[in-house]
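Scroll down for the structure; my scribbles are underneath it.
The values are calculated or read from the model by the stated rules, or taken from the named source; none is laboratory data. Computed from a prediction, not measured in an experiment: that's the story for all the values here. With ideal geometry, Cβ positions are generated from the backbone for all residues, glycine too; neighbour counts draw on all protein chains shown. Each accessible area value is taken on the protein alone, full model and side chains, heavy atoms only, with ligands, DNA and RNA left out. Shrake-Rupley method; radii C 1.70, N 1.55, O 1.52, S 1.80 Å.
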Amino acid sequence: MLFAGTSVASGFGALTTILVARRLGPEALGILGFSVGLVGVLTALLLPGFAQAHQKRVAEGADLGRCVGTMAALQLVIQATALVLLLTASRWGSLVIPAGVPLSVVLFVLVAQLLVNISTSLSVAFVGREWAVAHASMQMAGKGLRLAATAAVLVWAPDIRWVAAAFLVEGFAEILVGAYILIGRRGITLRRPDRATLKSYWRYARPLLITSPIGVLQDSLDRILVARWAGLTAAGYYQAARALWEVLGTINAYPFQLLLSRLSRLFAAPGGEMAAETRRVFASAMDRLLFVAVLAAFGLWALRQPIVTLIYGEQFFSAVHPLMIFVLAALAQAAFNPYQFILYAMDQHARLVPVVFVRLAVYLVAMVVLVPVWGGTGAAAVRLLLVLFPCWVFIRWTRELAGIGFQWFTGAYLGGFALLIAVNEAVRASLSAASVPAPVAIGVGMAVALAAYSGFLWQTHAGTGDNLRYTRDLVDPRGFLAFLTKGDSSKAP
């Protein structure tokens with residue numbers, strides 16, 4: 001349910017990008033992408049890691065009304081401070097904003113992001129309690145209404161400044177819908193922060209005061225550097241590729257978040273049987289996530305050209321090149337990022353502090369080297385590099401702390417993906433050389449590659465049969481309707 005709802009919400013977000021690209025062209029999309037990236041960089045140092053502390057404490061069973069009240073108060077203080085500081089600094093905007101980027105676009109995107117950050121006091125709490133329906137309702141309402149507002153703007157006032165203003169709708173909608181679900185439907189009374197709760201949040205968030213801003217910086221700086229060093233048009237191609245990558249990333253993002261909630265609950269009740277259950281839950285989650293992620297990544301890789309041209313138009317064909325690297329990065333995230341969530345669940349994330357400084361140095365050097373040469377493709381390659389470096393350190397720590405080492409079936413999935421790509425590209429190239437129409441070459445290449453992958457996985461991974469049955473149950477409409485009728489771990493809205 002969480003995946004379905006957030007996928008629909010991400011689809012709304014991607015469709016918003018598509019409408020802007022179709023109506024206003026790659027340069028306008030580059031302006032929007034630059035503004036989002038700049039806002040991310042500017043707010044990085046003002047966004048401590050309280051959101052993850054919030055999810056952790058909610059997952060451990062702390063009082064929900066007190067937790068939401070505490071997080072809402074913290075976010076109001078943080079976001080108000082960010083808004084005042086950044087509006088004061090806006091007079092020097094011309095020093096970093098390229099010619100052609102209206103300051104009003106940056107300011108609208110800034111306020112929109114601050115509203116979304118405030119709404120996390122509700123959405124993160126829903127994930128912490130594993131209330132999938134509630135969280136999905138917030139996401140779909142916010143991004144759906146933003147899509148409607150953007151479409152209205154593009155029809156009646158097609159200007160990138162009004163498009164940026166339409167982004168304000170998302171945060172307002174998420175706050176209203178989330179508050180209605182929490183207070184009106186679930187009967188939770190908000191409570192003021194107390195000293196014990198604030199101290200608990202601060203204790204967990206303290207290492208994140210360093211790692212979280214650096215992570216936000218790395219997630220946003222690429223848009224700025226591509227726009228500055230490769231031009232707004234190249235930034236538009238890059239933004240289009242990132243939008244598709246973010247849709248693919250929903251396969252990883254929310255399963256990771258639920259995994260953090262589940263592991264936090266398990267580690268909060270230590271014991272021999274609980275330790276065995278923790279290892280079982282992690283292995284099962286990794287197996288099933290990779291089973292789905294490999295197929296989704298291959299689908300986007302094999303259909304990259306028709307997807308980009310069909311969605312964005314022929315003028316965005318150059319977005320195919322960074323998209324291929326983004327697909328590899330998404331699969332690497334599914335394979336290696338879950339180990340970090342064990343550290344977060346065990347309150348051992350302070351170990352990450354020295355690592356993030358090394359990664360930041362590697363990131364900056366790689367961006368300086370690759371972006372001026374390869375533009376958006378180089379920035380996507382840096383994203384892949386950050387996922388891989390240094391994943392082996394995290395795996396060593398999880399083995400030492402929790403007895404959870406590298407899951408060896410990961411090799412079967414990654415090898416299977418390499419087989420998928422090799423067979424698909426070889427068959428497709430052979431058919432294209434024989435003047436077979438492109439749609440036929442793509443379809444036959446995918447079919448042959450999937451047949452080879454199925455045989456390979458069946459022979460190399462003993463859990464393939466169980467994963468097939470599990471997936472069949474997930475997509476069974478009867479089971480899905482039964483879930484919607486009965487609700488999630490509490491009463492669904």
Once both labels are modelled 7 Å past Cα along the beta-carbon direction, what's the Val373-Val8 spacing in nm?
4.6 nm
I need two numbers for region 293-359: Rg to one decimal and Dmax as a whole number, Cα atoms only, in Å.
16.9, 48
Compactness check, region 330-395: C-alpha Rg relative to the 2.2 N^0.38 Å globular estimate gives 1.22
Mean residue ellipticity (222 nm) of the chain, computed from DSSP H runs ≥ 4 via -39,500 (n - 2.57), nearest 500:
-27500 deg cm²/dmol
Can you give me the distance in nm between label points at Arg203 and Arg280, each placed 7 Å from the Cα along the Cα-to-Cβ direction?
3.1 nm
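Filter the chymotrypsin sites (Phe, Trp or Tyr not before Pro) in region 343-419 to those in DSSP coil with at most 11 other Cβ atoms within 10 Å of their Cβ, and list the result.
Trp408
Once Rh for region 173-233 is found with the Kirkwood sum over Cα pairs, what is the Stokes-Einstein diffusion coefficient at 4 °C and 1.567 mPa s, in µm²/s?
This corresponds to a translational diffusion coefficient of 83 µm²/s.
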Pairwise Cα inverse-distance average, inverted: Kirkwood Rh of region 282-433 (Å)
17.3 Å
Over the heavy atoms of Ser432, what accessible area does a 1.4 Å probe trace out, to the nearest 10 Å²?
60 Å²
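Report the rotationally averaged projected area of region 131-256 based on its alpha-carbon convex hull, in square nanometres.
10.9 nm²
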Region 294-397 - percent of accessible surface contributed by carbon and sulfur, probe 1.4 Å:
74 percent
Gyration tensor (alpha-carbon) shape descriptor, region 373-493, a/c threshold 1.5
oblate
How are the alpha carbon pair distances in region 207-326 distributed across 10 Å bins from zero to the largest one, expressed in percent?
12, 29, 29, 19, 9, 2
Working with all protein chains in place, sort Arg228, Arg288 by solvent-accessible area computed with a 1.4 Å probe, largest first.
Arg228, Arg288
Using label points projected 7 Å from each Cα along Cα→Cβ, tell me how many nm separate Asn337 and Ser435, to one decimal.
4.6 nm
If a helix is a whole DSSP H run, which ones in the chain reach 30 Å or further along their own axis (Cα) and hold a mean Kyte-Doolittle hydropathy of at least -0.5?
2-24, 64-89, 103-128, 132-156, 208-230, 232-267, 272-302, 352-374, 409-433, 438-460
Need one number for region 202-267: average projected area of the convex hull over its C-alpha atoms, nm².
5.9 nm²
Considering the options Leu154, Met1, Leu114, tell which one lies farthest towards the positive end of the dipole of the chain, charges being +1 on Lys and Arg and -1 on Asp and Glu at the Cβ, about the Cα centre.
Leu114
Please report, in debye to the nearest 20, how large the charge dipole of the chain is about its Cα centre when each Lys and Arg carries +1 at its beta carbon and each Asp and Glu carries -1 there.
900 debye
I need the Debye-formula profile for the chain: one equal scatterer per C-alpha, no solvent, reported as log10 I(q)/I(0) at q = 0.05, 0.08, 0.10 1/Å, two decimals.
-0.19, -0.50, -0.81
Given the protein chains as shown and a 1.4 Å probe, how many square angstrom of Trp202 are accessible, to the nearest 10?
110 Å²
Order Arg192, Arg23, Arg242, most accessible first, counting only protein heavy atoms with a 1.4 angstrom probe.
Arg192, Arg23, Arg242
Order by accessible surface, 1.4 Å probe, largest leading, for residues Val294, Val247 comes to Val247, Val294
